[in-house]
Amino acid sequence: MTLRAPYRSLRGISALAALLAIGAVGCSEVSDAVDGAKDGAKKVARQRSVFSLDVGDCYNPNGKAEGTAYAVEVVPCDEAHEGQVVAEFAIDEGKEYPGDDGVTAIGDERCPVEAQKYAPDTWALPKGVSLFYYTPTKESWATGDRAVSCTYTAEKGTFKGSLNTAKSLEPEQTTYLKDSNAVYEALWANQPEKDTVEDDLAGYKAQAKAVAAALDTHVEGLGGIEGTEVGKLRATLTKAAGDWKKAANAADADAFYLAYDPAFTGIDPNKSVAARKELGLATTVPADEAEVWAG
């Protein structure tokens, strides 16, 4: 399988080789070497094929080079680790391999949605953790491999603990996160192909329509949640939904721009911080989102 992002290659560790290297050395050095050999043996014992990864598995990739991955070191989640499998699904695209671009597109579309079922509050993710995924290769496809494993992986360093927070959430927290995530998913998943509104007005209007629909659902959900700050956010997003609808119905590019500016500002994640605090959710805007709305 291929990891879409920095790939982790297979590199076995030989405990026997480590032991043979001890030779006639001092006691402390022998002790260090034996400890190193034990660690190496433990790592070997923890090796698992990427084809058998399960949702919830915490792991350390092997190696750093890009390419096809065969195995990873599965570890207890309370130990430092680089990644955790947070979702899995099967590709149903007929008998022919969809191609590298095809499986990448499927992962891009499905993994963000599936991962949020396991770790709904993306603001609560450890710093530096991003969504990656293992996908079938042309060769593994021929053997019947159809699985995509979505993982949150640290681009640098490690983190501890499981990212499974879905079961610990209260109903109002779940409702908020589900609907809020859907708004931003509608925004990013419907990016027009062209860079300018003038070149693809229809595409930008379609995006605005999708965001407006998601906002309507979010506003409705907030109506069932008590709280002063939640009420303020609901009023803000109600106005934003109206602006997105204006953009969706714009007669020309100029009209679209007039509606789009307040519409985009209306869903600035910073506007939801107070409501999130009131709901007991994470309140630090992720760096990538903060950068987008900072202009």
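Quick note: the coordinates plus some simple rules give every number you see, no bench work behind them. The shown structure was predicted, so the numbers you read here are calculated from the model rather than taken from an experiment. Virtual Cβ from ideal backbone geometry, glycine too; neighbours counted across all protein chains shown.
Of the GluC sites (Glu not before Pro) in region 210-260, which ones lie in a loop per DSSP and count no more than 13 other C-beta atoms within 10 Å?
E226
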Label-reachable residues, region 188-218, where backbone N falls under 13 Å from a point 7 Å from V113's Cα toward its Cβ: 189-190
Report the net charge of residues surrounding P286, where surrounding means a beta-carbon distance below 14 angstrom and charges are Lys +1, Arg +1, Asp -1, Glu -1. -4
Express in whole angstrom the spacing between the alpha-carbon centres of region 85-119 and region 221-259. 31 Å
Residues whose built amide H sits under 5 Å from the amide H of G161, excluding neighbours closer than 5 in sequence, are D78, E79
Net charge within 10 Å of N249 by Cβ-Cβ distance, Lys/Arg positive one each and Asp/Glu negative one each, not counting N249 itself? +4
By how many nm would the segment from K95 to S130 lengthen if fully extended, with 0.36 nm per residue of separation less the alpha-carbon distance? 9.5 nm
I'd like the FRET efficiency for S168 and W188, computed as 1/(1 + (r/R0)^6) with the beta carbon distance as r and R0 of 22 Å, rounded to 0.05. 0.25
Just to be sure I understand the model, the point goes 7 Å from the Cα along the line to the Cβ. What's the resulting A80 to D288 distance in nm? 2.4 nm
With 0.36 nm assigned to each residue of separation and the Cα-Cα distance removed, N249 to A142 gains 33.8 nm
Measuring from the lowest to the highest alpha carbon on each principal axis, how far does region 165-267 reach, largest first, in angstroms? 46, 25, 16
For region 120-130, Karplus couplings with θ = phi - 60° (6.51, -1.76, 1.60), whole Hz, Gly/Pro x: x, 8, 5, 5, 8, 5, x, 4, x, 8, 10
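Mind checking region 82-124 for GluC sites (Glu not before Pro) that DSSP puts in a loop (not H, G, I, E or B) and that have at most 12 other Cβ atoms within 10 Å?
E96
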For a 30 Å ceiling on Cα separation, which of these pairs sit above it: K117/K160; K239/K277; K167/K194? K167/K194
Quick one: length gained pulling L258 to D195 fully straight, 0.36 nm per residue minus the C-alpha distance? 20.9 nm
